[in-house]
Amino acid sequence: MKRVLVLGLARSGRAAQTALEAGGTEVVAADRTLGNDEDLALLEGVEVLVKSPGVPGEAALVVAARQRGIPVWSEIELASRLLPNPIVGVTGTNGKTTTTELLGAMLGARTAGNVGTALSELVGDVPADEWIVCELSSFQLEDVDRFRPRIAVLLNLEPDHLDRHGDFEAYRGAKLRIFENQDTDDVAVVPRGFGPIPGSGHRVEFAVDDALPAEPLIPGVHNRENAAAATAAARAAGISDAEIMEALRTFPGVEHRLELVAERGGVRYVNDSKATNTAAARRALTAYDAPIHLILGGRAKGESWEELAQAIAASNVVTAYLIGEAAEPLSVDLADESVPFLISGTLERAVSEAASAASSGEVILLSPACASYDQFRDYEQRGEEFRRLVQNLEA
């Protein structure tokens, strides 16, 4: 390729630009906010548009590129063409980061993708015969072309990002693209009983009650399910059960996912900021037998609150502390289920109110079920602020 337009200059866009320029390609770098007639001139002479995951398909430059017959790739598509390595791809609505990092521990492999290192950053940095484990979001998968993970893992599939994809079928279609280019030499790891998938990969199923070489260190039924998926994928990669057992027994989990940040006066403070949809929050509730003070809310993603409210009512939640834009609509559904709640508004106030109410043996759980963009840059900043607020509480 002689000339490529990289649209979106966050982490993955900058990584794509660096990898392309290192290979001698001329790169036109553009911010995602561009799109007037003058900006469309950036497409002149461009062979491919590489789109960052945060850029919607309706962006003016993306639409114009498609109209001109210019291929639109995700950064994942680009990186997979530049990397000779075999790739394990991990997608699903929830559990992607945990499973990706657990698989990285099992395989002794570098991890990249949706969280942390952009896949393009590994170009030229990993020996060609070594595995790379790549976390994949629907935003990254919707713009693949020939991307072919040798092992593709689908953890689960529940409504999410409906504000971007429009409906569940479009979201589902984007997720399942992880399998579409696999052939009979590849492996497709899916939940037991999952329906048809595209591609020709050898199908391997997993379930929460699978026999494992060891019980995982990380808590929760959902994490046992993640461990079962990781074990199936690791075995497909030729990893021994002894190596898998060691990873299961020692892997501590990831930041912002059921992360125990402190225990004060017998009260556990748990950061689950990465629970950005209702399914993730429902799973978090099942991880604790103790009474829970739940901090909930943020920016809604187009989901109904009804099922979450019912799950909270049936759980150990003592009180819900509601924050952000979703506080008012959440309060309606919680009231319908007779769940005690306070509209705290801000995370700072929610932590303070929950800390004042909690007793020894109880859990204060930040599991928002929402995106963070109303009050924070991303879920990581929200989790870090929760950690800071907890550390600053008076003993």
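The values are calculated or read from the model by the stated rules, or taken from the named source; none is laboratory data. Note that this is a predicted model, so its numbers are computed, not measured. With ideal geometry, Cβ positions are generated from the backbone for all residues, glycine too; neighbour counts draw on all protein chains shown. Accessible surface areas use protein heavy atoms only, side chains included; no ligands, DNA or RNA. Shrake-Rupley method; radii C 1.70, N 1.55, O 1.52, S 1.80 Å.
Here the condition is being of a type in the set (S, T, N, Q), at negative phi and open to solvent by less than 10 Å² (accessible area, probe 1.4 Å); of S137, S120, it holds for S120 alone.
Evaluating T97 against the criteria (1) surrounded by fewer than 22 Cβ atoms within 10 Å (Cβ to Cβ); (2) under 13 Å from A229 (Cα atoms) leaves one unmet condition, (1). Checking each residue in the stretch 325-339 for being open to solvent by 20 Å² or more (accessible area, probe 1.4 Å) and either over 14 Å from A371 (Cα atoms) or of a type in the set (G, A, S) (or both) picks out E328, P329, V332, D333, A335, D336, E337, S338.
Mind telling me which of the residues A350, A357, A309 ends up being buried (at least 20 other Cβ atoms within 10 Å of the Cβ) and touching a strand residue (DSSP E or B) at 6+ places or on another chain (Cβ under 7 Å)? On inspection, the qualifying residue turns out to be A350. Considering only residues that are of a type in the set (D, E, K, R) and within 10 Å of T93 (Cα to Cα), which ones fall in the stretch 141-179? The answer is E158, D160, R172, K175. Selection of the stretch 263-287 for residues being open to solvent by 20 Å² or more (accessible area, probe 1.4 Å), more than 14 Å from the chain's Cα centre (by Cα) and in contact (Cβ under 8 Å) with a residue 12 or more places away in the chain yields R264, G265, G266, R268, R282, R283, T286, A287. Considering only residues of the stretch 67-86 that are open to solvent by less than 10 Å² (accessible area, probe 1.4 Å) and aliphatic (A, V, I, L, M), which is farthest from T25 (Cα to Cα)? Among residues in the stretch 67-86 that are open to solvent by less than 10 Å² (accessible area, probe 1.4 Å) and aliphatic (A, V, I, L, M), the one farthest from T25 (Cα to Cα) is I76.
Of the strands (runs of 3 or more DSSP E) lying entirely inside the stretch 208-324, those containing at least 2 residues that are within 26 Å of D163 (Cβ to Cβ) and at pLDDT 95 or above are 292-297, 317-323. Restricting attention to the stretch 360-378, the residues being hydroxyl-bearing (S, T, Y), modelled with pLDDT of 95 or more and either open to solvent by 50 Å² or more (accessible area, probe 1.4 Å) or in a helix (DSSP H, G or I) (or both) number 1.
Scanning the stretch 143-172 for residues being open to solvent by 20 Å² or more (accessible area, probe 1.4 Å), modelled with pLDDT of 95 or more and touching a Gly at 6+ places or on another chain (Cβ under 9 Å) gives a total of 2.
Tell me, which residue of the stretch 312-324 that is touching a Ser or Thr at 6+ places or on another chain (Cβ under 9 Å) and of a type outside the set (S, T, N, Q) is surrounded by the fewest Cβ atoms within 10 Å (Cβ to Cβ)? That would be A313. Among the residues making up the stretch 82-103, those that are at pLDDT 95 or above, among the hydroxyl-bearing types (S, T, Y) and not in a strand (DSSP E or B) are T99, T100. Contact annotation: residue pairs with Cβ atoms under 9 Å, 6 or more positions apart or on different chains, pairing a residue in the stretch 142-166 that is of a type in the set (A, V, I, L, M) and in a loop (DSSP other than H, G, I, E, B) with a partner that is at pLDDT below 95 and open to solvent by 30 Å² or more (accessible area, probe 1.4 Å), are L157/F168; L157/R172. Within the stretch 173-198, restricting attention to residues that are touching a residue at least 40 places away in the same chain (Cβ under 8 Å) and part of a loop (DSSP other than H, G, I, E, B), the residue that is least open to solvent (accessible area, probe 1.4 Å) is I178. Which of the residues that make up the stretch 54-90 are over 18 Å from S12 (Cα atoms) and among the β-branched types (V, I, T)? Of everything in the stretch 54-90, those that are over 18 Å from S12 (Cα atoms) and among the β-branched types (V, I, T) turn out to be V63, I70, V88.
Here is a yes/no grid of residues against (1) among the hydroxyl-bearing types (S, T, Y); (2) in contact with an Asp or Glu (Cβ under 6 Å, 6 or more places away or on another chain); (3) within 23 Å of S360 (Cα to Cα):
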site	(1), (2), (3)
T231	yes, no, no
D241	no, no, no
T250	yes, no, no
E255	no, no, no
G265	no, no, yes
H293	no, no, yes
S304	yes, no, no
A314	no, no, yes
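Count of the stretch 1-33 residues, restricted to those that are touching a strand residue (DSSP E or B) at 6+ places or on another chain (Cβ under 6 Å) and either in a strand (DSSP E or B) or open to solvent by less than 60 Å² (accessible area, probe 1.4 Å) (or both), is 15.
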